[in-house]
1. Spot the failing condition for residue A:308; the list is (1) crowded, with 19+ Cβ neighbours inside 10 Å; (2) in contact with a Gly (Cβ under 9 Å, 6 or more places away or on another chain); (3) assigned by TED's automatic domain parsing to the domain that holds residue A:160; (4) not small (Gly, Ala, Ser), and only one is missed.
2. Residue check: is residue B:341 modelled with pLDDT under 95 and either surrounded by fewer than 19 Cβ atoms within 10 Å (Cβ to Cβ) or under 30 Å from residue B:294 (Cβ atoms) (or both)?
3. Examine region A:295-313 for a residue that is more than 9 Å from chain B (Cβ to nearest Cβ), under 24 Å from residue A:247 (Cβ atoms) and in a strand (DSSP E or B), and state whether such a residue exists.
4. Away from chain B (no Cβ under 12 Å) and at pLDDT 95 or above: which single residue out of A:173, A:177, A:146 fits that description?
5. Of all residues in region A:256-280, which are over 25 Å from residue B:311 (Cβ atoms) and at the interface with another protein chain (Cβ under 10 Å from one of its Cβ atoms)?
6. Of all residues in region B:144-182, how many are among the aliphatic types (A, V, I, L, M) and more than 16 Å from the chain's Cα centre (by Cα)?
7. Being more than 23 Å from residue A:239 (Cβ to Cβ), in the same structural domain as residue A:354 (by TED's automatic domain parsing) and among the polar types (S, T, N, Q): is that true of residue A:396 here?
8. Inspect region A:316-338 for any residue being under 30 Å from residue B:27 (Cβ atoms), crowded, with 19+ Cβ neighbours inside 10 Å and in the same structural domain as residue A:191 (by TED's automatic domain parsing) and give the result as yes or no.
2 protein chains.
Amino acid sequence: MSQALRIGVAGLGTVGGGVLALLSKHRDLVSQRAGRALDVVAVSARDRAKDRGLDLTRTAWHDDPVALARDPAVEVVVELMGGSDGPAKALVEAALAAGKPVVTANKALIAHHGAALARLAEQHATTFAYEAAVAGGIPIIKMLREGLAANGFSRVYGILNGTCNYILTTMRETGREFADVLADAQKLGYAEADPAFDVDGVDAAHKLAILAALAFGSEVAFDKVMVEGIRQISALDIAYAAELGLRIKLIGLAQLVDGALEQRVSPVLVPLQAPIATVEGVFNAVVAEGDFVGTVMAEGRGAGAGPTASAVVADLIDIARGRALPPFAVPAGQLRRLPAQPVEARRGAYYLRLTVVDRPGVIADIAATLRDEDISMESMLQRGRDPEAVVPVVITTHDTTEGALRRALKRIEVLQAVVEPPCALRIESF
Amino acid sequence: MSQALRIGVAGLGTVGGGVLALLSKHRDLVSQRAGRALDVVAVSARDRAKDRGLDLTRTAWHDDPVALARDPAVEVVVELMGGSDGPAKALVEAALAAGKPVVTANKALIAHHGAALARLAEQHATTFAYEAAVAGGIPIIKMLREGLAANGFSRVYGILNGTCNYILTTMRETGREFADVLADAQKLGYAEADPAFDVDGVDAAHKLAILAALAFGSEVAFDKVMVEGIRQISALDIAYAAELGLRIKLIGLAQLVDGALEQRVSPVLVPLQAPIATVEGVFNAVVAEGDFVGTVMAEGRGAGAGPTASAVVADLIDIARGRALPPFAVPAGQLRRLPAQPVEARRGAYYLRLTVVDRPGVIADIAATLRDEDISMESMLQRGRDPEAVVPVVITTHDTTEGALRRALKRIEVLQAVVEPPCALRIESF
C-alpha cells in the first residue's frame, strides 16, 4: 500500500468535526477504498482552547489557515470555514498556489469565484473538489461530471435547500403559515437565527450556479441567477395547489434556451406525479435531463455533519487515488461565457392568486386583461360567494410568456376591485 | 491533448449501435470531458453483411471477438454481446489476459464470474468496468464505489427490472391481470418473447448480486440470492395493497445481518410514502443506506440503447482519463466471502391472502394457527359475506420471523376451508 495521504483541515465546526469523526471511525474502510491511509496531520480553527471532543494531540495546530496551507507536511487542504471571501478564500488560494489540491464544502466561495479558482488550480497543475458544496451527501457533482459525462444536458433542476423544503412540507401537512412554521424550524435547528440566506433562496442559488456551470461547461455565473424566496407563500396557496393536483417546491432550475442560459430559483408548482414532488422534509433532490440517459434523479440529505462528511471524504478518496479532474470537467480555459436568458422570455403556465372585492364584473375585467395579452385561462376558482367582502380568486393559465404575464399583472393590480398585489407562481410540467 | 483512446466494440445490437451513435454524435463533447478523443477502431459482430445504419468503412472487422481482443490496435475492449459464458466470457478473459481494460454491460457475466474476472484483471494489472450492467443509465456503480465510498453500508435495495415494474404499474393503473398485461408488454417491446428471465426475477438477481458485492466488499454470490418473480401477483393483491396504503414492487434487497449477507429478489409491499413506491413504469431506482450519508436514492431509465450507451461511454471516459479502479472498489484478494443469511431468519411484517370457504370458524382457525407460532395479526379484511362461497381473506401481521410464518402457512394450507395455497408477501418498512 502507498504512503498515507497527509491532510490539513481548516474549520472544526459541525462539518469539520464530522469529517474527523468519519476518518477515525472508518480508518480501515477508507484506507481500503482509497488504496492508502488518510491522515489528518494538521488543523486550523479559531479557538484552540475549545473542547470539541476530538483528540488532536498528534495533530499540528495553525491559528492562521494560510499557514496550514503552506505547512510542508500538508499535501491536501480541506476548507470547511465557509464564507465567499476572507480567510476561506485566502486559504484556498494559498493552497492552490502551492500546487496542493483543495477539498471544500463552501458553495458561496465556488459560486462567487469558481471560474477564477479553476484557472488558478490549472495554472499550478492542481485541482479542487467540492462534492459537499451541493446537495450535501448526494454525490451529484460526480454524477454530472463523470457518471453522466457522455450526455449533452438540456436542463438540470432540483430542491437544493432543505430548510425551505422542510418549511413548505410542514406548511402543507399542518395548514400553518410561513412565519409560524419558520419559528418552529428555528427552535428545532432546521433554520438559522437569521433565516434570510435560506428562505430568500440565496443558498439554493449558490448551488444552482455551480450545477449549471458543470452541466453546461460554462463559467459559474451566480450574478446571473434570478432569485425568489418562499416568504410570500401562504397556507392558502399551498391548499389551492393541492386542489389543482400540484405541490409548491422551491426549485433551482438551469436550462439552455437557444444557446442562452436560464438560471432561476423560485417557488414553483409541480404536478404531484413528478418524482420531485414527493421529495419532502429536509431532503434534497437533483434532476438531470441528458440527451442519451433521459431523466435521472438523485435524492438524499442535503445537509448535516454526516452527509457533508461523506461527500468531503469521497473527494479525499478520489485525490488519494489520483483521480483528480478539472473542477468543472473541462479545462478552465474552455469554460464558456453563456449569454443570460432573461426570465421574461420564459414560456410556461402560471398560477395567479388575486385578492379581490367580491362584486359583479371583477372576473370579467381580469379575464379581459389577460386576453389583451393573449393569455388563455386554464381554470378559475372562487370558492363561495360573499358580496362586497374581500375574497381570493385563483386562476391558472395555459402556456404564455413571462413578459406577457407581467404586463397583464401590472394592469390587474391597479384594478379597483383588486386590493392586494397578486401572487403569481410558475407552474412547471416536470 | 493526448492521443486518442483506441476502442474495440464487440456486439453491434441495440446497445452497440447506441454506443457508436453516441460516440459519433458527441465526438467533441466526449473528447473534451475525457481529455482525449475516443475512437472506435475495430468491431466484431455475428453478421458482417447486415445493414446497421453505421459507417464502418474505416473500422477493422473481426468475425471472432477473441481476435478483436488481441488486435494490437485495440487498447480497450467494449463487450456488448451478452451471455454469462461462451464468446462473451472468452472475449473478456482474452482482453484482460492481454492487459486491456474491458467495459461491459453484461450483468449475467459479472454475476456469475465477477470475482474470478476481478482476480484475472488484477493479475494483469488492468481492470473492468460495468456501469451499464446495473440500472442502465443510473450511475449507481460509480455512486456506491466512489460517491458514497466513505460510508459503511447497512442495506442496498432497488427496483432493478423495468419490465416487472412496468407490468406491476400497469396492473395497478388498469386493474388487469398479470398474463393480460404481460401480453401487451410483449407487443409494445417492453417484455421479451420469453419473459422468464425478467418476470421470474433472474435479471434483477444478477444486478442485486453485483450491487451487494460492491456495497459490502464481498465476492459476487449470485448463487446465494433468493429469487421470486411476479407471476403469482394478482389484480386482487394489488387492490388490497392500495387499500392498506401499500404498493407492490419487485425489489432486490441486500443487507448485512450480524455479519451474514441476506440477498433476495421478491415482490414486496412498500408504504406509499416511501420514495421508491412512486418509481413507476419502466423506471429503475436504487437506494443505499450509509452510516454517514443516510438514505440516498437514484432513479432513472434502467434499459434501452440511450441510457445503456450513456453508462458505457461514462466508463470509457474514466478509462481515457486513467481513472481505473479495482472492479469492486477493493483489491480482488481482499473481497470477503460472507456467510449467507437464510431468508427464514428474516424479521418483518407479512401480507397473507387466503382463499377460503366463507363459513363460521374459519378465521378463528387461522388466527389460532398464527397465535401458535407467536404471530400477531395487525389487520384482517374480509369484504362482504357469501356463506359457503369461496372468498378472499387478507391478513397483515406484525413483525415475526419468516420461519414462523412458513410453519404457520403449512398448517393453514391444509385447513379444510382453505381451498388454494395462500399468497404470502413480505411488507418492507422502507
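1. (3)
2. Numbers: modelled with pLDDT under 95: no; either surrounded by fewer than 19 Cβ atoms within 10 Å (Cβ to Cβ) or under 30 Å from residue B:294 (Cβ atoms) (or both): yes.
Answer is no for this residue.
3. There is no residue in region A:295-313 that is more than 9 Å from chain B (Cβ to nearest Cβ), under 24 Å from residue A:247 (Cβ atoms) and in a strand (DSSP E or B).
4. Numbers: A:173 fails: away from chain B (no Cβ under 12 Å); A:146 fails: away from chain B (no Cβ under 12 Å).
Unique residue meeting the criteria: A:177.
5. Our first condition is that a residue be over 25 Å from residue B:311 (Cβ atoms); within region A:256-280, this holds for A:257-273, A:277-278, A:280.
Hits for region A:256-280 are A:272, A:273, A:277, A:278, A:280.
6. Filtering region B:144-182 down to residues among the aliphatic types (A, V, I, L, M) leaves B:144, B:148-150, B:156, B:159-160, B:167-168, B:171, B:179, B:181-182.
Remaining after also requiring more than 16 Å from the chain's Cα centre (by Cα): B:148-150, B:171, B:179, B:181-182.
Matching residues across region B:144-182 total 7.
7. Here the answer is no, as residue A:396 does not meet what is asked.
8. Within region A:316-338, not a single residue is under 30 Å from residue B:27 (Cβ atoms), crowded, with 19+ Cβ neighbours inside 10 Å and in the same structural domain as residue A:191 (by TED's automatic domain parsing).
The values are calculated or read from the model by the stated rules, or taken from the named source; none is laboratory data. What you are looking at is a predicted structure, and each value in this text was computed from that prediction instead of being measured. Ideal geometry is used to build each Cβ from the backbone, glycine not excepted, and the neighbour counts take in all protein chains shown.
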